[in-house]
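Notes follow once the structure below has been shown.
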Amino acid sequence: MMETKYDYIVNLLFNNWIIAIIVIIAILIMALPQLRDGLKILWPFSREKEFVSEYADEKITFEVKLRSQNFDVVKIHATTHSLGVHAEREWLNKFYPGYENNMQLLDHITTDDGKTFTFDILPIHKGDKNKDIYFDITDFYSGAHVEFTGSTHKYAEQRIRDLYSNKS
């Protein structure tokens, strides 16, 4: 009876357990990236889908419109200004723990179709890492005694226009 290459390899691994262990470790190392990617895909299904903040009788939800290296765009669904602003800090503490913020800007961005959205912009930093968080506060902003700054990063402003122009 003639032995095939497959039979030869299997017999070799059974007879030499050290080689078998080395082969198994090599296979595991090669499979780790695929396993990691598979777990990343499955992970969102096993955890809470959205971050919700509750104060007294109000439930505040957040909709992450965009996450990027330089800035995030987050819509806050709240009804009162004070609770909405407090929820901004809670969101920052959850998603960017340890980051510091010592200023706040307000800007109004008008889309190509004429809709105006109000953004509370919080530049955050941790060490040499900097990022701007654009909170869409349109739902609850009503003047709120905050000066209009008119200074947003032009690229971020254009991305926000694009995001809100595509979705009504």
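Observations on the structure shown:
- Inside the stretch 85-94, residues that are without any contact (Cβ under 8 Å) to a residue 40 or more places away in the chain and not acidic (Asp, Glu) make up a count of 4.
- Members of the stretch 4-40 found to be surrounded by 10 or more Cβ atoms within 10 Å (Cβ to Cβ) and either among the small types (Gly, Ala, Ser) or not in a helix (DSSP H, G or I) (or both), listed by number: 16, 20, 26, 31, 38
- Of the strands (runs of 3 or more DSSP E) contained entirely in the stretch 45-109, those carrying at least 3 residues that are in contact with a Phe, Trp or Tyr (Cβ under 7 Å, 6 or more places away or on another chain) fall at 71-77.
- Close Cβ contacts (under 8 Å, 6 or more residues apart or on different chains) running from residues in the stretch 106-121 that are closer than 23 Å to residue 86 by Cα to residues that are loosely packed, with under 15 Cβ neighbours inside 10 Å and of a type in the set (Phe, Trp, Tyr) comprise 106/148; 107/148; 108/148.
- Residue 105 meets the conditions (1) among the aliphatic types (A, V, I, L, M); (2) at pLDDT 85 or above; (3) closer than 23 Å to residue 51 by Cα in every case but one. The failed one is (3).
- Of 95, 62, all but one fail to be on the phi < 0 side of the Ramachandran plot, open to solvent by 70 Å² or more (accessible area, probe 1.4 Å) and among the aromatic types (Phe, Trp, Tyr); the exception is 95.
- Answer residue from the stretch 80-92, given it is in contact with a strand residue (DSSP E or B) (Cβ under 6 Å, 6 or more places away or on another chain) and open to solvent by 30 Å² or more (accessible area, probe 1.4 Å) and is modelled with the lowest pLDDT among those: 83
- Scanning the stretch 109-168 for residues that are modelled with pLDDT of 80 or more and of a type in the set (Phe, Trp, Tyr), we see that the one that is most open to solvent (accessible area, probe 1.4 Å) is 141.
The values are calculated or read from the model by the stated rules, or taken from the named source; none is laboratory data. Because the structure is predicted, anything quoted here is derived from the model rather than measured. Cβ coordinates were reconstructed from backbone atoms using ideal geometry, including for glycine residues, and neighbour counts include every protein chain displayed. For the accessible areas, the whole protein counts, side chains as well, though only heavy atoms, and no ligand, DNA or RNA atoms are used. Shrake-Rupley method; radii C 1.70, N 1.55, O 1.52, S 1.80 Å.
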